[in-house]
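Undergrad: Below you will find the structure I want to go over with you.
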Amino acid sequence: MAPAAAPAAALLLPCTAAAGPSFLMPRRAAPIASARIAVVRAQTDTAASTSAPEPPPEFKPPPGFKAPEPQKFGVKEGQQGSVFGASLGIPFRLGTGVFVLGYSPSVVSPDEIPSDQYALEIGASYISLYLAFKVKESSNIDKCPRPEKPIEIYEFEGYGFSFIETILCKLLKPNIFCKILTLICYFTSLDGVFFHTYSCPFCRKVREMVSVLDLDVLFYPCPQNGPTFRPKVLEMGGKKQFPYMVDPNTGVSMYESDEIIKYLADKYGDGTVPLMLSLGLLTTITAGLSTIGRLGKGNSYIASKVPPQPIEIWAYEGSPFCKLVRETLVELELPHLLHRYCYNCANK
């Protein structure tokens with residue numbers, strides 16, 4: 001049985017009751033935060049005044065919550081097929097998105113790593129001896145600039161054209177056969193049933209890159225027929241194309257997965273793009289094949305109520321368990337701030 005996930009903590013964002021959630025407000029008409037006014041009491045000895053720092057927000061479990069008892073790792077009965085299907089991305093994508101930029105493990109003595117620092121410890125008994133060592137993880141992330149505000153990405157877990165149609169059109173280039181194929185896919189049920197897989201290959205590529213760079217991202221899910229964020233992308237960028245990225249730190253916004261990947265690598269990495277994200281058509285094919293085990297999941301909108309504040313979640317792209325959770329978040333069109341939790345990331 002897989003370990004139960006801890007309750008997600010809400011990310012506190014300003015919102016106005018009359019206007020709705022703050023993340024639904026148009027970017028160009030963002031409300032101005034109210035100024036805090038400090039009242040200074042006159043003093044006879046000095047005119048200086050000090051204010052105590054605000055306490056950090058307090059997170060509490062919901063009423064009646066009971067922490068699960070520790071158990072051995074396992075998959076819940078009846079969920080083996082779902083977990084297996086969600087795991088196909090690991091072999092097809094060779095683990096891209098599991099490790100951060102420049103990840104490198106090494107075996108060291110337990111004394112070399114402080115006890116309060118995270119490290120995998122492995123021990124073995126031999127007769128009367130107990131041999132132990134720790135795995136020291138290092139990466140290049142600490143040398144890369146970090147964004148002050150989370151990157152915003154509008155994406156969804158299924159593609160507006162069939163996966164096969166997309167690949168064949170890339171091979172055929174813009175010609176009459178590609179146009180005929182597009183019409184066939186549009187007017188048949190094949191497009192919506194068989195080829196709208198769990199993950200849009202182009203959106204997956206961008207998610208893998210933000211995992212490699214250990215970036216916190218505010219995701220706005222845009223499933224098919226979603227009433228909230230798809231219209232917002234059209235308003236901001238002029239077309240319903242995904243993924244769509246907005247960097248509030250620089251004011252840059254753009255479409256096209258390859259351009260987004262290159263921008264993130266130059267701005268928040270060392271300028272290099274991982275091999276599995278730089279193979280052109282082969283990257284798209286393998287990213288699409290990694291989704292065939294979850295056909296139709298995380299694609300279509302399910303009526304829901306948008307929360308006033310985005311959900312906060314710790315996950316990474318390579319985990320099948322995290323992928324199953326994201327399917328539901330996308331289908332319900334629930335915005336979520338995703339903290340990366342891959343190997344040797346800062347959030348671990």
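The values are calculated or read from the model by the stated rules, or taken from the named source; none is laboratory data. Keep in mind that what you see is a predicted model, and the values were worked out from it rather than measured. FYI the Cβ positions are ideal-geometry reconstructions off the backbone, even for glycines, and counts take in every protein chain you see. Surface accessibility is based on the protein's heavy atoms, side chains included, excluding ligands, DNA and RNA. Shrake-Rupley method; radii C 1.70, N 1.55, O 1.52, S 1.80 Å.
Undergrad: Looking at the stretch 208-239 only, could you name the residues that are outside any helix (DSSP H, G or I) and more than 15 Å from Gly298 (Cβ to Cβ)?
TA: Leu213, Asp214, Leu215, Asp216, Val217, Leu218, Pro227, Thr228, Gly238, Lys239
Yes/no matrix, rows are residues, columns are (1) of a type in the set (D, E, K, R); (2) surrounded by 11 or more Cβ atoms within 10 Å (Cβ to Cβ); (3) in contact with a helix residue (DSSP H, G or I) (Cβ under 8 Å, 6 or more places away or on another chain); (4) assigned to a loop (DSSP other than H, G, I, E, B):
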| residue | (1), (2), (3), (4) |
| --- | --- |
| Pro55 | no, no, no, yes |
| Glu58 | yes, no, no, yes |
| Phe65 | no, no, no, yes |
| Gly78 | no, no, no, yes |
| Phe84 | no, yes, yes, no |
| Gly97 | no, yes, yes, yes |
| Pro114 | no, no, no, yes |
| Gln117 | no, no, no, yes |
| Glu121 | yes, no, yes, no |
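Undergrad: Then there's this: Looking at the stretch 309-323, is at least one residue at pLDDT below 90, touching an Asp or Glu at 6+ places or on another chain (Cβ under 7 Å) and assigned to a loop (DSSP other than H, G, I, E, B)?
TA: Within the stretch 309-323, one or more residues are at pLDDT below 90, touching an Asp or Glu at 6+ places or on another chain (Cβ under 7 Å) and assigned to a loop (DSSP other than H, G, I, E, B).
Undergrad: Does Ala132 count as aliphatic (A, V, I, L, M), over 30 Å from Asn249 (Cα atoms) and modelled with pLDDT under 90?
TA: It is true that Ala132 is aliphatic (A, V, I, L, M), over 30 Å from Asn249 (Cα atoms) and modelled with pLDDT under 90.
Undergrad: If Ile292 meets every condition in (1) touching a strand residue (DSSP E or B) at 6+ places or on another chain (Cβ under 7 Å); (2) in contact (Cβ under 8 Å) with a residue 24 or more places away in the chain apart from one, which number is that one?
TA: Result: Ile292 fails condition (1) only.
Undergrad: Within the stretch 285-314, track down each residue that is charged (D, E, K, R) and open to solvent by less than 50 Å² (accessible area, probe 1.4 Å).
TA: Scanning the stretch 285-314 gives Arg294, Glu312.
Undergrad: Only one of (1) among the polar types (S, T, N, Q); (2) without any contact (Cβ under 8 Å) to a residue 60 or more places away in the chain; (3) within 29 Å of Glu148 (Cα to Cα) fails for Ser304. Which number is that?
TA: All conditions are met except number (3).
Undergrad: Then there is this: Going by what's in this entry, would Asp216 be described as at pLDDT 95 or above and out of contact with any helix residue (DSSP H, G or I) (no Cβ under 7 Å at 6 or more places or on another chain)?
TA: Taking the combined requirement at face value, the residue does not satisfy it.
Undergrad: May I pose another question? Is it true that some residue in the stretch 259-278 is farther than 20 Å from Ser211 by Cα and either surrounded by fewer than 20 Cβ atoms within 10 Å (Cβ to Cβ) or touching a helix residue (DSSP H, G or I) at 6+ places or on another chain (Cβ under 9 Å) (or both)?
TA: Just the residues of the stretch 259-278 that are farther than 20 Å from Ser211 by Cα, to begin with: none.
Within the stretch 259-278, not a single residue is farther than 20 Å from Ser211 by Cα and either surrounded by fewer than 20 Cβ atoms within 10 Å (Cβ to Cβ) or touching a helix residue (DSSP H, G or I) at 6+ places or on another chain (Cβ under 9 Å) (or both).
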